Number of protein chains: 2
Amino acid sequence: MIGGLIYEGLAKDAAEAEKLAEGGEITFDSCHMHDAVGPMAGVVTASMPVWILENKTFGNRAYCTINEGLGKVLRFGAYDDEVLKRLRWMEQELYPVLEEAVAIKGEIDVKVLIAKLLQMGDEAHNRNEAGTSLLLRELVPAIMSCSKTQEQKIAAFNFVNGNNHTFLNLSMPAMKCTLDPIFDIPYCTLVATMCRNGTDFGIRIAGLGKNRWFTAEAEMVKGLYFPGYGEEDAARDLGDSCITETAGIGGFCMAAAPAIVQFVGGQVSDAINYSTRMYEITVGEGRAYKIPALDFRGSPTGIDIRKVMETGIRPVINTGIAHKNPGVGQVGAGIVNPPEDCFKQAIAACAEAWSN
Amino acid sequence: MIGGLIYEGLAKDAAEAEKLAEGGEITFDSCHMHDAVGPMAGVVTASMPVWILENKTFGNRAYCTINEGLGKVLRFGAYDDEVLKRLRWMEQELYPVLEEAVAIKGEIDVKVLIAKLLQMGDEAHNRNEAGTSLLLRELVPAIMSCSKTQEQKIAAFNFVNGNNHTFLNLSMPAMKCTLDPIFDIPYCTLVATMCRNGTDFGIRIAGLGKNRWFTAEAEMVKGLYFPGYGEEDAARDLGDSCITETAGIGGFCMAAAPAIVQFVGGQVSDAINYSTRMYEITVGEGRAYKIPALDFRGSPTGIDIRKVMETGIRPVINTGIAHKNPGVGQVGAGIVNPPEDCFKQAIAACAEAWSN
């Protein structure tokens, strides 16, 4: 938040930003209430360029900023000069190239890219190497054709190319605009949103509409830490990125991305087990999104809170682990679940809302 | 051969080329005798640009042409105007861009790319989508920087980008220059080369040197045919591309590329079984090349003819199926083995050469 206020020129330093933020003049709201998603701290401010994803069937859109890369970045709470300089460069140098390139290229079918990347060892949450590669292959001719200087185009390419998490900021809004149309389907007990802010984990249920959140304390992530860090450094589970799992990819497709266990811990058999168990709490199987290691079974899609309660199986999420202090960045990655209490509250609310 | 002679301007049409080829004036030789490899018909002529791969440890090099794409192409025996025009375009328009781009970029570590693509669902013989993506990511900034016109650069990018088999023509020479240094290791019973020409399958044994081939009739490929084609259309097993299996990738890493079973037939469990069985006839496990689905076990590397004879397990090769008539192109893909007789002859020759 502090970084966002300085970036927008609303505060000149951290002290002023904190004062402003505490003063009540600034309205903070969840990305999900504004057709947006953001990884980790999920800060989106007015001037930030965004990817625009559209659900072609229902016409709704979802937005997400351009991924900043790893290390010291705003989404991990960093806001020093390096971070702000990068954000301004992204706005003033990177975005104009991407904007023009997307205009030249026209729409990119992200559903096709996600279907392909699942055949290429990604699961589109914590592994996005194939997704970023495929996105670049779509965009490069248009980047080359656009009107900017060669230097600016090469710098834009190198930035995207240097950050394999680029595609995460497309898979997240793709999954959000896939899910949002299920809101307000009468009596629908599917989970339409899962997200967390480092303190609480919140879910929304399709049939109960966009304004009812069921929250409980976010859990600690179990996983692998980068050298020099341990559990005592970790923040609680954080960010909107579990929209991928909500829609049946990410952790639900870990069997498609065996290499991810080297990042989040465990063995390949664990990855297969995670995916396999998710069929017990979901209502459908992806028709476009297939898991090769499960003989191309469609991804487990549509978490039904009734099944979660009946089986006691909670959705699996693979996720980065943020340092609990702002600005340090990512300290590891692992596996986490939504707290059981979210589902208990939600099913009670369904029962109450829909009882005769 | 006919296409190659016309392309080189040595013959003006097929009739003249056939006459010339039959006349004894032209010397034909195996790619492998000239530090080269070629997929399918494997035609390399004097003017064709090649990728140059170097074994940095031993200093030896291997060469391979630029992949022409699928459909009607020289390596499947086609030589009509479309094919020749494309070959000339590749020489005069594509190659200058790639040559300058590689000069700007400098060496590309193909070993790293192969290690990565095995984590991304490729096996670098019949699935090269990740490999081609990673190669493009290496080359794009240099393509953008090079001195050619924007149109020429975009056309070059689009050609490579439009052909996911591009990387095959790098993985093949990479594997050849990996293997060639084992020639003339005394008493070494490892297979240094496997290749086939649509009639015969030939192998060479490290300890017996580069000039001794053990050949037998190439087998028919078992696999999936494209719509409209069947076994009666197929040529016998063909091409140098099984140098990938000889070095432990390709079919030996099918467990890393489950999506390939949709192309060559079978189920994912078959892909895992193929890889697993290859450990029984190999002497080592890749230190850079790991198979995620086998919990990152190193690829089965170094086929020992003694193990092949003891176990009766022949190396597994996944391969394209060419139409038996020239010019039709690929009609399917599947699985094939080298004929047992190659190994029988080779082990007898070892016994004879090395008996006291």
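The values are calculated or read from the model by the stated rules, or taken from the named source; none is laboratory data. On a predicted model such as this, the values are computed, not experimentally measured, just so you know. All Cβ positions, even for glycine, are placed from backbone atoms using ideal geometry, and neighbour counts span all protein chains on display.
Descriptive notes on the structure:
- Taken over region A:311-342, the residue count meeting the criterion of being buried (at least 24 other Cβ atoms within 10 Å of the Cβ) and without any contact (Cβ under 8 Å) to a residue 60 or more places away in the chain is 0.
- B:Leu118 fulfils the conditions (1) of a type in the set (A, V, I, L, M, F, W, C); (2) without any contact (Cβ under 8 Å) to a residue 60 or more places away in the chain; (3) not assigned by TED's automatic domain parsing to the domain that holds B:Gly286 except for a single criterion, (2).
- Candidate set: region A:249-277, residues that are at the interface with another protein chain (Cβ under 10 Å from one of its Cβ atoms) and crowded, with 24+ Cβ neighbours inside 10 Å; chosen: the one farthest from A:Gly223 (Cα to Cα): A:Ala256
- The set of residues in region B:115-152 being farther than 30 Å from B:Cys195 by Cβ and either surrounded by fewer than 24 Cβ atoms within 10 Å (Cβ to Cβ) or of a type in the set (Phe, Trp, Tyr) (or both) consists of B:Arg137, B:Pro141, B:Ala142, B:Met144, B:Ser145, B:Cys146, B:Ser147, B:Lys148, B:Thr149, B:Gln150, B:Glu151, B:Gln152.
- For A:Gly207, the requirement of being surrounded by fewer than 17 Cβ atoms within 10 Å (Cβ to Cβ) and more than 19 Å from the chain's Cα centre (by Cα) is not met.
- Number of the condition not met by B:Met175 [criteria: (1) within 20 Å of B:Gly250 (Cβ to Cβ); (2) touching a helix residue (DSSP H, G or I) at 6+ places or on another chain (Cβ under 8 Å); (3) not in a helix (DSSP H, G or I)]: (3)
- Residue, nearest to B:Glu91 (Cα to Cα), within region B:1-50, restricted to residues that are of a type in the set (Ser, Thr, Tyr) and in a loop (DSSP other than H, G, I, E, B): B:Ser47
- Qualifying positions in region B:65-111 - touching a strand residue (DSSP E or B) at 6+ places or on another chain (Cβ under 8 Å), surrounded by fewer than 16 Cβ atoms within 10 Å (Cβ to Cβ) and assigned to a helix (DSSP H, G or I): B:Lys111
- Filtered residues of region B:113-160 (kept if within 7 Å of chain A (Cβ to nearest Cβ), more than 19 Å from the chain's Cα centre (by Cα) and in a helix (DSSP H, G or I)): B:Leu136, B:Arg137, B:Val140, B:Pro141, B:Met144, B:Ser145, B:Gln150, B:Lys153, B:Ile154, B:Phe157, B:Asn158
- Selection status of B:Ala348, within 14 Å of chain A (Cβ to nearest Cβ), without any contact (Cβ under 8 Å) to a residue 60 or more places away in the chain and of a type outside the set (Val, Ile, Thr): no
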